[in-house]
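Novice: Pasting a structure below so you can have a look.
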Amino acid sequence: PLYTDLPENGLIVLIGASGAGKSTLAGTWHASQVLSLDGLRGAVSDDPGWQDATADAADVLKLILERRMARKLNTVIDATNVEQSVRVELVMAAKRHGMPTVAVIVATSLPVCLERQGPRPDTRRVPQDIVRAQHQAMTHSHQRLAAEGFNTVVFADTLYRLEPLLKRLSE
Ligand code: GTP
Ligand code: MG
């Protein structure tokens with residue numbers, strides 16, 4: 001089939017460079033199911049773009065994920081998640097609670113990711129070399145995801161939920 005069905009309740013890890021469209025895709029789930037690293041940076045520091053707040057935001061993210069997995073609730077991680085160590089920690093949390101894990105690769109091309117930084121306000125704009133490194137890491141992550149313990153690995157553009165999203169963006 002063209003479109004991939006996801007488990008009703010599981011851990012969904014979005015993987016992609018800045019500007020790839022992770023938060024846009026995350027918006028197709030209920031807001032309470034989405035753990036956004038940007039959002040949590042804002043929650044702990046009043047500034048979603050303040051990079052010094054990342055460690056604190058990641059701590060909060062892991063705590064909420066743990067509590068949600070204990071309740072068997074569907075949870076979407078909206079962060080770049082291009083580092084293996086970050087993904088492995090997320091997968092371990094899900095496995096502790098017997099929850100299925102899905103990696104969703106948002107493989108938008110590098111030129112598009114870079115172009116999408118342009119219109120952003122200064123504090124939300126990610127430097128070019130960082131976007132480039134994230135994109136490269138996303139590309140390399142693909143072959144490792146199954147070995148990291150993900151039960152399902154899909155590309156975002158094969159998800160059925162993208163259809164209404166693309167319609168909305170083109171309107
Ligand atoms: P970071 O939060 O910086 O990591 O980026 P992100 O991956 O969350 O990207 P985001 O969802 O913010 O998308 C960036 C821009 O691309 C936004 O202006 C979106 O409206 C646009 N966009 C995202 N997905 C799509 C898509 O599938 N099609 C089109 N046309 N635009 C999209
Ligand atoms: Mg985002």
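Novice: What full-extension length gain, to one decimal in nm, is calculated for H97 and L166 as 0.36 nm per residue of separation minus the Cα-Cα distance? If you can, show how the numbers build up before the last one.
Specialist: Numbers: separation 69, 0.36 × 69 = 24.84 nm, distance 3.36 nm.
Separation in residues times 0.36 nm, less the Cα-Cα distance, equals 21.5 nm.
Novice: On to the next question. Rounded, prolate or oblate: which fits the stretch 1-133, taking a ≥ b ≥ c as square roots of the Cα gyration tensor eigenvalues, rounded meaning a/c under 1.5, else prolate when a/b beats b/c?
Specialist: On the way: a/c = 1.94, a/b = 1.32, b/c = 1.47.
Note, shape of the stretch 1-133 comes out oblate.
Novice: Which net charge results for the neighbourhood of E115, defined as the other residues with beta-carbon distances under 14 angstrom from its beta-carbon, given Lys and Arg at +1 and Asp and Glu at -1? Before the final figure, lay out each step's value.
Specialist: Numbers: positive: R116, R120, R125, R132; negative: none.
Value of the local net charge: +4.
Novice: Quick check: net charge around D78, other residues with Cβ under 10 Å of its Cβ, Lys/Arg +1 and Asp/Glu -1? Walk me through the intermediate numbers first.
Specialist: Values: positive: K22; negative: D38.
Within the 10 Å Cβ shell, the charges total 0.
Novice: What Rg and what Dmax come out for the stretch 1-47 when only alpha-carbon atoms are used, in angstroms?
Specialist: 12.8, 44
Novice: Suppose every Lys and Arg Cβ carries +1 and every Asp and Glu Cβ carries -1, with no other charges. What dipole size does the chain come out with about its Cα centre, to the nearest 20 debye?
Specialist: Working: 19 positive and 19 negative charges, 74 e Å.
In debye, rounded to 20, the chain gives about 360.
Novice: Full extension from T54 to R144: what is 0.36 nm times the residue separation minus their Cα-Cα distance, to one decimal in nm? Could the numbers behind the result be given before it?
Specialist: Numbers: separation 90, 0.36 × 90 = 32.40 nm, distance 2.47 nm.
Difference between extended and current length: 29.9 nm.
Novice: Going by the alpha-carbon gyration tensor, a ≥ b ≥ c the square roots of its eigenvalues, is the stretch 102-171 rounded (a/c under 1.5) or, if a/c is not under 1.5, prolate (a/b greater than b/c) versus oblate?
Specialist: Numbers: a/c = 2.72, a/b = 1.20, b/c = 2.26.
Oblate.
Novice: The stretch 58-140: percent of C-alpha pairs farther apart than 22 Å? Intermediate values should be presented prior to the final figure.
Specialist: Numbers: 1288 of 3403 pairs.
I get 38 percent for the Cα pairs in the stretch 58-140 exceeding 22 Å.
Every number in this text was worked out from the coordinates using simple rules, so none of it is lab data. All of these numbers come straight from a predicted model, not from anything done at the bench. Every residue, glycine among them, receives a Cβ derived from its backbone with ideal geometry; neighbour counts consider all protein chains shown.
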